[in-house]
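Heads up, the thing below is written out as structure tokens.
The values are calculated or read from the model by the stated rules, or taken from the named source; none is laboratory data. In this text, all values refer to a predicted model and were calculated from it rather than measured experimentally. Cβ: placed from backbone, ideal geometry, glycine included. Neighbour counts: every protein chain shown. Surface accessibility is based on the protein's heavy atoms, side chains included, excluding ligands, DNA and RNA. Shrake-Rupley method; radii C 1.70, N 1.55, O 1.52, S 1.80 Å.
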Amino acid sequence: QVQLVESGGGLVQAGGSLRLSCAASRSIFRANAVGWYRQAPGKQREFVALITRDSSTNYADSVKGRFTISRDNAKTTVYLQMNSLKPEDTAVYYCSYYPSRGYWGQGTQVTVSS
């Protein structure tokens, strides 16, 4: 059974930080990679970051140097540390397989005020 529970979103001023968490089922953690994605109002969902089983990472150009993805295998949880947030980072953030395979949780809202 695939389970994804995202948390940690909120309202923050530009330049601030947030740490998102994704509690995932073991089936996702056994996959080759887990990803964070986001969807801003009126836009398509987009890739943000991924982490592989051996903890290799990759990031979208728009967040490189500001966001850090990590994983805790014992807790089957993936994190997204977001620093230097910008208003354009405002979106609902989701985690899933990478590639997603169409499985999505409820997401967590991140709102960055200018």
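Computed quantities for the displayed model
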quantity: Residue match in the range 73-92 (condition: among the charged types (D, E, K, R) and within 13 Å of Gln39 (Cα to Cα)); calculated: yes
quantity: Among the residues listed as Ala60, Ala91, the single one being open to solvent by less than 60 Å² (accessible area, probe 1.4 Å) and more than 17 Å from Val5 (Cα to Cα); calculated: Ala60
quantity: Pairs with Cβ under 8 Å, 6+ apart, first in the range 75-88 and at pLDDT below 95, second not in a strand (DSSP E or B); calculated: Thr76/Ser25; Thr76/Arg26; Thr76/Ile28; Thr76/Phe29
quantity: The range 11-32, residues that are surrounded by 13 or more Cβ atoms within 10 Å (Cβ to Cβ) and either hydroxyl-bearing (Ser, Thr, Tyr) or touching a Ser or Thr at 6+ places or on another chain (Cβ under 8 Å) (or both); calculated: Val12, Ala14, Leu20, Ser21, Cys22, Ala23, Ala24, Ser25, Ser27, Ile28, Phe29
quantity: Number of positions in the range 24-70 that are in a loop (DSSP other than H, G, I, E, B), in contact (Cβ under 8 Å) with a residue 60 or more places away in the chain and not aliphatic (A, V, I, L, M); calculated: 1
